[in-house]
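Peer 1: This structure is in C-alpha cells; I'll ask about it shortly.
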Amino acid sequence: MNEELLELIKNKKGFICDMDGVIYHGNRLLPGVKEFVTWLYNEDKNFLFLTNSSERSPIELKEKLARLGLEIDESHFYTSALATAKFLKAQSPGCSAYVIGEPGLVNALYDVQITMNDVDPDYVVFGETRSYNYDSVLRAVKLVQKGAKLIATNPDLTGPTEDGIVPACRAFVAPIELATGKAAYYIGKPNPLMMRTGIKLLGVHSDDALIIGDRMDTDIIAGIESGLTTFLVLSGVSTRETINEFPYRPNYILTGIDEIVAGLGLQ
C-alpha cells in the first residue's frame, strides 16, 4: 500500500463498514479486524457498521462481536431492519405487516408500533430467515394478491458464510415477485434511504468519509452515489473477475481489512 493511500485513510474522519464478508464470515472473524477496530478507537474516528442483514438487532450484533473478541458499543451498528422500520413508520404510522424474517426484523417493527397481521396486513415484509418454507411463501403470495404491498429489507442475492456463498434476501423474495407480478421495494443498500441515515449517524460529511464493502452491487454503488471514497475488499462476494461486470469501479481494491492493517503497521 503506497504512502498516498495510507495518508488518505489516515485523514478520513468517518468510516462506514459492511459486516458480512468484511468483518466476519459466519462466526469467524476475518484477519486484521481486531487491529483495525482498535485503530479506529485509538484515532478517535467516527465509524459505523452498516449491514444489509436484518437478522440481528444492534445489541445482538454487539454481543456476537463480543463473542468473537471485539468490544463495540451498539450505537456503532445500523441494519436494514432498522431502516425498514423507519421507512414504514414514516409511510404508514400504525400499519400492520405479515413478516417473514428473524427477530432482528420483527423487533425493529414492534419498536415503531407496527403490528403483526397474517390476515389482512398493509405490507408483506421480507428479510433473511432460516425458517423459509412453502407455507409462508404461499401466504405471502395470497396477501400480496389481495393488496398488501411487498417490502424487502435488502436486495442481496447471495451472502458469504464460513461454508461459501449462500442465497440471501432477494433470492428468497423472487418466487413471491414472480408469482404475483409485483416487484418488492428494497430498503437496504444501495437505497439512499439507508445511506442517508447511515451518513447522518456517522456524523461527518461524505467528503470526509469512506465505505469498505465486499459487494459491487450494494456497498460500492451506494458509496459512489453518496459521495464516499469506496474500498472494495475481496474477502466476501465480489472478485477481481466480477468487478468487470459492472459499469462502475471502486476507488480502491484491497484483499481485505488486513491489507489496511499491514499498511498502517498495526500487525
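The values are calculated or read from the model by the stated rules, or taken from the named source; none is laboratory data. All of these numbers come straight from a predicted model, not from anything done at the bench. FYI the Cβ positions are ideal-geometry reconstructions off the backbone, even for glycines, and counts take in every protein chain you see. Accessible surface areas use protein heavy atoms only, side chains included; no ligands, DNA or RNA. Shrake-Rupley method; radii C 1.70, N 1.55, O 1.52, S 1.80 Å.
Peer 1: Among the residues of region 32-65, how many are open to solvent by less than 60 Å² (accessible area, probe 1.4 Å), hydrophobic (A, V, I, L, M, F, W, C) and within 19 Å of the chain's Cα centre (by Cα)?
Peer 2: Qualifying residue count, region 32-65: 8.
Peer 1: What pairs can you find where one residue is in region 235-248 and closer than 13 Å to ASP217 by Cβ, the other is open to solvent by less than 100 Å² (accessible area, probe 1.4 Å) and among the β-branched types (Val, Ile, Thr), and their Cβ atoms are less than 6 Å apart, with a gap of 6+ or different chains?
Peer 2: Every condition considered, the pairs that remain are TYR248/ILE224.
Peer 1: Tally up the residues in region 15-49 that are of a type in the set (Lys, Arg) and touching a strand residue (DSSP E or B) at 6+ places or on another chain (Cβ under 9 Å), please.
Peer 2: Initial filter on region 15-49 (of a type in the set (Lys, Arg)): 28, 34, 45.
Still in the running and touching a strand residue (DSSP E or B) at 6+ places or on another chain (Cβ under 9 Å): 45.
So the count comes out to 1.
Peer 1: For region 7-31, give me the residue count where each residue is surrounded by fewer than 18 Cβ atoms within 10 Å (Cβ to Cβ) and either in the same structural domain as GLY101 (by the TED database) or acidic (Asp, Glu) (or both).
Peer 2: 1
Peer 1: Keeping to region 53-103, report how many residues are farther than 20 Å from THR161 by Cβ and among the basic types (Lys, Arg).
Peer 2: 3
Peer 1: Please give the strands (runs of 3 or more DSSP E) falling wholly within region 133-183 in which 2 or more residues are β-branched (Val, Ile, Thr). Before you say what the answer is, go through the steps one by one.
Peer 2: Details: elements: 149-152, 158-161, 164-167.
The strands (runs of 3 or more DSSP E) meeting that bar are 158-161, 164-167.
Peer 1: Also, quick follow-up: Could you tell me whether LEU143 is under 17 Å from the mean Cα position of the chain (by Cα) and on the phi < 0 side of the Ramachandran plot? First the steps, then the outcome.
Peer 2: Details: under 17 Å from the mean Cα position of the chain (by Cα): no; on the phi < 0 side of the Ramachandran plot: yes.
Criteria not met by LEU143.
Peer 1: OK, next. Checking ASP20 against (1) under 14 Å from the mean Cα position of the chain (by Cα); (2) at pLDDT 95 or above, which single condition isn't satisfied?
Peer 2: Every condition holds for ASP20 apart from (2).
Peer 1: Could you count how many residues in region 1-15 are assigned to a helix (DSSP H, G or I) and either touching a Phe, Trp or Tyr at 6+ places or on another chain (Cβ under 7 Å) or within 26 Å of PRO190 (Cβ to Cβ) (or both)? Spell out how you get there, then give the answer.
Peer 2: The first filter runs over region 1-15 and keeps only residues assigned to a helix (DSSP H, G or I), leaving 3-11.
If we keep only those that are either touching a Phe, Trp or Tyr at 6+ places or on another chain (Cβ under 7 Å) or within 26 Å of PRO190 (Cβ to Cβ) (or both) as well, we get 5, 8-9, 11.
Qualifying residue count for the region: 4.
Peer 1: Determine whether TYR110 is outside any loop (DSSP other than H, G, I, E, B) and open to solvent by 50 Å² or more (accessible area, probe 1.4 Å).
Peer 2: Details: outside any loop (DSSP other than H, G, I, E, B): yes; open to solvent by 50 Å² or more (accessible area, probe 1.4 Å): yes.
Yes: the conditions hold for TYR110.
Peer 1: Within region 145-155, identify whether any single residue is closer than 30 Å to SER235 by Cα, open to solvent by 40 Å² or more (accessible area, probe 1.4 Å) and of a type in the set (Ser, Thr, Tyr), and answer yes or no.
Peer 2: First, the residues of region 145-155 that are closer than 30 Å to SER235 by Cα: 151-155.
From what's left, open to solvent by 40 Å² or more (accessible area, probe 1.4 Å): none.
So far as region 145-155 goes, no, none of its residues is closer than 30 Å to SER235 by Cα, open to solvent by 40 Å² or more (accessible area, probe 1.4 Å) and of a type in the set (Ser, Thr, Tyr).
Peer 1: Identify all residues within region 118-127 that are touching a Cys at 6+ places or on another chain (Cβ under 9 Å), assigned to a loop (DSSP other than H, G, I, E, B) and open to solvent by 20 Å² or more (accessible area, probe 1.4 Å); write none if there are none. I'd like the intermediate steps shown before the answer.
Peer 2: Applying the first criterion (touching a Cys at 6+ places or on another chain (Cβ under 9 Å)) to region 118-127 yields 121-123, 126-127.
Pick out the ones that are also assigned to a loop (DSSP other than H, G, I, E, B) and you get 121-122, 127.
Scanning region 118-127 gives a single hit, ASP122.
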